[in-house]
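Participant: Following this message is one structure expressed as structure tokens.
The values are calculated or read from the model by the stated rules, or taken from the named source; none is laboratory data. What you see is a predicted model; the values in this text were computed from it and never measured. FYI the Cβ positions are ideal-geometry reconstructions off the backbone, even for glycines, and counts take in every protein chain you see.
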Amino acid sequence: MALAALIGAYDECDDGRLRALVPLAGRPLVDYQARCCAALGAAPIVLVVDQPPAALVQLAERLRSEGLPVILAEGAGEAASRFEGDAQVLLLSDGIAPETGDLAALVEAGVPAALSLPDDERHEKFERIDLANRWGGAALVAGGEVGATAAMLGDWDLPSTLLRRAIQKNAALVPSDERDGRGPLVVASAADGAEFSRRLMAASKARREDWVARGPMAPLEDWMVLKLAGTGVRPRLLGAVSPLLTLAGAASFGLSWWWAGLALLLFSMPFDLVAQRVASLRMKPLPPGLIEQWLSWPFFLLALLALGGSLALSEGWGAAVLGGGAAAIAELGRGLRKAMGAPRFDLFTFRRRPAIVLLMPFAAFGAWLTGLGVVAVYALVSALWVQHGVRNPPQG
């Protein structure tokens, strides 16, 4: 049976803007709602509004440009005309930030159902269903019911009335999964969405494999994700920035533009991680094995070779050997990790970002050859540590 979605987008906050446009993890709330529905296969996704402001119209156009079947409907009657009678409609109340797991549970129910919460002080902002339950802001209703309700009430509050009619017809109650602080959230202001935004941001961050990404670069990464998540930039284009800057850095090293090369390598560091998180926040994670996800590594090895080669012009042929050795040993260590598994303390094994950061203090004093030598030693020690970890696995 086809699945569609209906989202309310007409209530205003105290500051006069629509609740649907309140920012949540770097993008409007209704953007998050629509992507949650699209991730479950809902089509069309109808936003019922009174008179849509320009910001909401632009948002709908951007979502459509990304392939989401979003439709703006002015009033209940127009919204109802978008649904087939035999469709299942995922209903989201205005100003509700749902959990994707709760929405999936409603869809899996396969029958008219409403998301329920306990009627207690913690959930007093949610609409009461009966003496024991409150509405979690999401429900599954029949497409024909949307048309019948719209004909009955005109342009009045369609989502809330749909819920009432569903409850009167004994719709099932699906309890929200509120373990570990999860559950839906009523968003009436930017402050209301702060905690939910933190949860979304944390959920978008996959395991970080090196200490630079986990430590000093993390605030910059978070800032970039918040700034870019709500824009129209494509995650794959973001991911392509990292290898392109790394290749440009290698070319700069080859031309003996050492500071330009190092700057380009530094600028390249966050983009692959930011791209993955932006895609995750948009409910479309990047598939593994994309070419831009692995090109940064060979381009970085090329940068080591280029740095060694350009240093050889003034420091002698040993610099070229050092650069080539660093690249070869780094690749050997990566191959060992991939084939045999990560050792203990893998966070500190040789990787692109830590090696770039390690080169910085030596470059600051003009000791480029020494810095390259330290990077080579780092690669060698890391490869030996991986080999030691394979030969001597931790007991217990």
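Participant: Within the stretch 1-43, take every residue that is without any contact (Cβ under 8 Å) to a residue 60 or more places away in the chain and not small (Gly, Ala, Ser) and give me the one that is surrounded by the most Cβ atoms within 10 Å (Cβ to Cβ). Walk me through how you get there before you give the answer.
Facilitator: The first filter runs over the stretch 1-43 and keeps only residues without any contact (Cβ under 8 Å) to a residue 60 or more places away in the chain, leaving 12, 16-18, 21, 30, 34, 41-43.
Of the ones still in play, those that are also not small (Gly, Ala, Ser) are 12, 17-18, 21, 30.
Details: Glu12: 15, Arg17: 15, Leu18: 22, Leu21: 19, Val30: 28.
Taking the candidates together, the pick is Val30.
Participant: Regarding the stretch 201-211, can at least one residue be identified that is loosely packed, with under 15 Cβ neighbours inside 10 Å, without any contact (Cβ under 8 Å) to a residue 24 or more places away in the chain and more than 16 Å from Ser93 (Cβ to Cβ)?
Facilitator: Looking for residues that are loosely packed, with under 15 Cβ neighbours inside 10 Å, without any contact (Cβ under 8 Å) to a residue 24 or more places away in the chain and more than 16 Å from Ser93 (Cβ to Cβ), one finds at least one in the stretch 201-211, hence yes.
Participant: Another question about this same structure. Quick one: which residue in Val57, Val46 is buried (at least 20 other Cβ atoms within 10 Å of the Cβ), modelled with pLDDT of 90 or more, under 28 Å from Thr231 (Cβ atoms) and over 22 Å from the mean Cα position of the chain (by Cα)? Full working, then the answer.
Facilitator: On the way: Val57 fails: buried (at least 20 other Cβ atoms within 10 Å of the Cβ).
Just one listed residue meets the conditions, Val46.
Participant: For the condition at pLDDT 85 or above and either closer than 28 Å to Ala191 by Cα or not in a helix (DSSP H, G or I) (or both), what is the one hit in Val89, Val107? Can you show your working first?
Facilitator: Working: Val107 fails: either closer than 28 Å to Ala191 by Cα or not in a helix (DSSP H, G or I) (or both).
Exactly one of Val89, Val107 is at pLDDT 85 or above and either closer than 28 Å to Ala191 by Cα or not in a helix (DSSP H, G or I) (or both), namely Val89.
Participant: Then there is this: Please go through the stretch 270-301 and pick out each residue that is surrounded by fewer than 19 Cβ atoms within 10 Å (Cβ to Cβ) and aliphatic (A, V, I, L, M).
Facilitator: If the condition is that a residue be surrounded by fewer than 19 Cβ atoms within 10 Å (Cβ to Cβ) and aliphatic (A, V, I, L, M), then Met283, Leu290, Ile291, Leu295 are the ones that fit.
Participant: While we're looking at this one, here's another question. Based on what the data block shows, is Ala312 surrounded by 15 or more Cβ atoms within 10 Å (Cβ to Cβ), assigned by TED's automatic domain parsing to the domain that holds Leu238 and among the hydrophobic types (A, V, I, L, M, F, W, C)? Walk me through it before giving the result.
Facilitator: Numbers: surrounded by 15 or more Cβ atoms within 10 Å (Cβ to Cβ): yes; assigned by TED's automatic domain parsing to the domain that holds Leu238: yes; among the hydrophobic types (A, V, I, L, M, F, W, C): yes.
Spelling it out, Ala312 is indeed surrounded by 15 or more Cβ atoms within 10 Å (Cβ to Cβ), assigned by TED's automatic domain parsing to the domain that holds Leu238 and among the hydrophobic types (A, V, I, L, M, F, W, C).
Condition check ((1) surrounded by 16 or more Cβ atoms within 10 Å (Cβ to Cβ); (2) part of a helix (DSSP H, G or I)) across all residues:
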position: Gly137; (1), (2): yes, no
position: Gly144; (1), (2): no, yes
position: Gly147; (1), (2): yes, yes
position: Met152; (1), (2): no, yes
position: Pro159; (1), (2): yes, yes
position: Ala166; (1), (2): yes, yes
position: Asp177; (1), (2): no, no
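Participant: Right, another one. So Arg199 clears everything in (1) in the same structural domain as Arg334 (by TED's automatic domain parsing); (2) in contact with a helix residue (DSSP H, G or I) (Cβ under 8 Å, 6 or more places away or on another chain); (3) of a type in the set (D, E, K, R); (4) at pLDDT below 90 except one condition, right? Which one?
Facilitator: Arg199 satisfies every listed condition except (1).
Participant: Tell me which residues, restricted to the stretch 212-243, are part of a helix (DSSP H, G or I), under 18 Å from Ile356 (Cα atoms) and touching a residue at least 24 places away in the same chain (Cβ under 8 Å).
Facilitator: Val212, Ala213, Arg214, Leu220, Glu221, Val241, Ser242, Pro243 - these are the residues of the stretch 212-243 that are part of a helix (DSSP H, G or I), under 18 Å from Ile356 (Cα atoms) and touching a residue at least 24 places away in the same chain (Cβ under 8 Å).
Participant: Check off (1) over 15 Å from the mean Cα position of the chain (by Cα); (2) surrounded by fewer than 19 Cβ atoms within 10 Å (Cβ to Cβ); (3) not in a loop (DSSP other than H, G, I, E, B) for Leu262 and give me the number that stays unchecked.
Facilitator: (2)
Participant: Turning to a different aspect of this structure: Show me the helices (runs of 4 or more DSSP H) entirely contained within the stretch 277-379 in which 2 or more residues are hydroxyl-bearing (Ser, Thr, Tyr). Please lay out each step first, then the result.
Facilitator: Details: elements: 291-294, 296-315, 317-340, 352-364.
It comes to 296-315.
Participant: I would also like to ask the following. Show the residue pairs meeting these rules: Cβ distance below 9 Å; 6+ apart or different chains; first residue within the stretch 59-87 and more than 17 Å from Ala42 (Cβ to Cβ); second residue of a type in the set (Val, Ile, Thr) and part of a loop (DSSP other than H, G, I, E, B).
Facilitator: Listed by first residue and then by second, the contacts come to Arg62/Thr231.
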